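Report on the structure given below.
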Amino acid sequence: MTHTLREKEKLRLRVRRIRGQIDAIERALGEEQDCGDILQLITAARGAMNGLMAELLEDHVRFHVLDQGRKPTAEQSVAADQLVDIVRSYLK
């Protein structure tokens, strides 16, 4: 995944934020906080994971599915954009 090297620090920061969210869930459970509050923390962590998944999936489509040795056709570019949009919408 050499293409992710350019975005490595950004991705690592996202993972650290997600780790912080997971730690917050663990603390909330240990402190026996309100179920609604814990569910909200879980929802936020899940959203963050889905966002990370969508970003990595988009990179995968653009760098591995489309042939980087040749310029993608207009049809391929549109199809890739549609696929990424559908996945992002599904993961929301």
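The values are calculated or read from the model by the stated rules, or taken from the named source; none is laboratory data. Everything quoted here is computed from the prediction, not taken from an experiment. With ideal geometry, Cβ positions are generated from the backbone for all residues, glycine too; neighbour counts draw on all protein chains shown. Note: areas computed on protein heavy atoms with side chains; ligands, DNA, RNA excluded. Shrake-Rupley method; radii C 1.70, N 1.55, O 1.52, S 1.80 Å.
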Notebook entry, point to check: Pairs, please: C-beta under 8 Å, at least 6 apart or cross-chain, first residue over 15 Å from residue 87 (Cα atoms) and in region 58-76, second modelled with pLDDT of 80 or more and surrounded by fewer than 14 Cβ atoms within 10 Å (Cβ to Cβ)?
Noted result: 66/77
Checklist line | Residue that is nearest to residue 90 (Cα to Cα), among those in region 22-63 that are open to solvent by 90 Å² or more (accessible area, probe 1.4 Å) and of a type in the set (A, V, I, L, M, F, W, C) | finding: 53
